[in-house]
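Please treat every number below as a calculation from the coordinates, not as lab data. None of these values were measured; they are calculated from a predicted model. In this analysis, Cβ positions are derived from the backbone assuming ideal geometry, glycine residues included, and neighbour counts consider all displayed protein chains.
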Amino acid sequence: MSQSRSTLQFQSSQSLEIDQSQVKQFLQEIETDPMGGWLNLPQDYGRSEFKRIKKTAQAIQTNSEYLVCIGIGGSYLGHRAVIDALQPQSPTKVLYAGNSLSPRELDNLFAKLDDKDFSINVISKSGTTTEPAIAFRFLKEKLFARYGDRAASRIYATTDASFGALHNEAVQNNYSRFTVPNNIGGRYSVLTAVGLLPLAVSGVDIDQLMSGAARELLALRSSLDHDTLDSLPAVQYAYMRHSLYQSGLETEVFATFEPCLREFGEWWKQLFGESEGKQHQGILPTSVVYTTGLHSLGQYLQDGRRNIFETMLEFTTASGPDFQIPSIANNPDGLGYLEGMKLSDINQKALQATVDAHRNGGIPVLEIISPELDIINLGRLIYFFELACALSAKLSGVNPFDQPGVEDYKTRMFELLGRTS
Ligand code: PA5
């Protein structure tokens, strides 16, 4: 089960039956779903807003050392994942707020902003989410104290085109506005202004990101045209994880050997957790970064309960910096056999060893294999996981695009806080 090396590949040691007519049916349902706008987004996205995003990003880079992105869940995890993965160069660093209610967190953020020029990108599709709304109050206060009348020109609001408290405030105060399309939900929104403005500010080439995602969309369309949906890696991944779930494996561990993908794991967990965990069913998604995780969760995976499968994100080509193990006289640490070897090769051997050990220990390992870790392939991976997630939720018979369970804590919190309206 594999594709050519220049595309994403999916590999697993289990065999799989895929009903192509069912996949087609699911795709039709997604395409016509009021929240299915992400499916064709890599080709359908609004070019004029895209241009405005790039222009605005340049303006922010000229006047701000920091852009504070206020948002929670799907309103920040996607761009944070890409920025952490690529660590791009930019005069403006992106900081985050509004994803917790911790005073310590806010205090740490304020300490960073002292004496620094900054702007705010407040991101909320509904425009009414409590955590970002509270953070926005604090940050507005700071911004107005610093810039007075000019403060409003440093506020960028990404929200619904016509509804919500944030939309109304932005219109009244003339903040620059960007749109969360009404047919795309938070966790599927990284390729909209939600992710694109912070990414462009951080120095990510958003044209390349979109072109990576567009390649996956083209691969999907081509498999539809040629009746080869059963060999599309995202489809294979969705069906394999569903089949493992049906066989009793209830936990999926998303694993990577690149610490810069830790936040990608957070985005992945939100995407799958909020899309699938419904009606008292769904795979529990968790994530781990190796090799550090081999010295913690690794023990559980090798030797704990056998109710787990693992999804390993791998890269075929080592790109970026590399190091050779230096020679030392008298071999004091016993590592002489590694002298001259590249660190990336050792990391790769650790990966192979882990896949082998976990498979031998009875853990099914699903491998998602990408060409190098770069912006194009991150664009591909974002689309790949969105597609796999929506199909996977469809296989379980749940709506991939709602999150009714999130309301319960809010209702109770509002009661405790004495909200009256
Ligand atoms: O994926 C989702 O829909 C959620 O995680 C939302 O992104 C999150 O709750 C934030 O919502 P909003 O953008 O409306 O503030």
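Quick notes on this one:
- Between the amide H of Thr158 and those of Val122, Ile123, Ser124, Phe178, distances stay under 5 Å, these residues lying 5 or more places away or on another chain, with hydrogens modeled in the peptide plane.
- Each Lys and Arg adds +1 at its Cβ and each Asp and Glu adds -1 at its Cβ; summed about the Cα centre, the stretch 115-274 shows a dipole of about 620 debye.
- Rounded to the nearest 500, the 222 nm mean residue ellipticity of the chain from helices alone is -15000 deg cm²/dmol, with -39,500 (n - 2.57) taken per DSSP H run of at least 4 residues.
- Simple Cβ-charge dipole of the chain, Lys/Arg +1 and Asp/Glu -1, about Cα centre, in debye nearest 20: 1100 debye
- Close amide H pairs (under 5 Å, H built 1.01 Å from N) link Leu366 with Glu310, Thr311, Met312, residues at least 5 positions away or on another chain.
- Relative contact order of the stretch 41-204: 33 percent, from C-alpha pairs under 8 Å at least 6 residues apart in sequence.
- Averaging Cα coordinates gives a centre for the stretch 102-125 and one for the stretch 158-223; these two points are 22 Å apart.
- Computed over the chain, the quotient of the alpha carbon radius of gyration and 2.2 N^0.38 Å is 1.03.
- Using C-alpha pairs below 8 Å separated by at least 6 residues, the relative contact order for the chain is 22 percent.
- The stretch 41-204: proportion of alpha-carbon pairs further apart than 21 angstrom, %: 40 percent
- Peptides 356-369, 42-55, 227-240 ranked from most to least packed give 227-240, 356-369, 42-55, packing being the mean of other C-beta atoms within 10 angstrom over each peptide's residues.
- Here the dipole of the stretch 1-146 is about 620 debye; that uses its Cα centre as origin and unit charges on the Cβ of Lys and Arg (positive) and Asp and Glu (negative).
- Summarised in one figure, the compactness ratio Rg/Rh of the stretch 21-109, Cα atoms and Kirkwood Rh, is 1.09.
- 3J(HN,Hα) from dihedral phi, the stretch 394-407, Karplus parametrisation 6.51/-1.76/1.60, rounded to Hz, x for glycine, proline: 4, 4, 8, x, 10, 6, x, 10, 10, 8, x, x, 5, 5
- Under-5 Å amide H pairs with Leu95, H placed in peptide plane, nonlocal only: Leu67, Val68, Cys69
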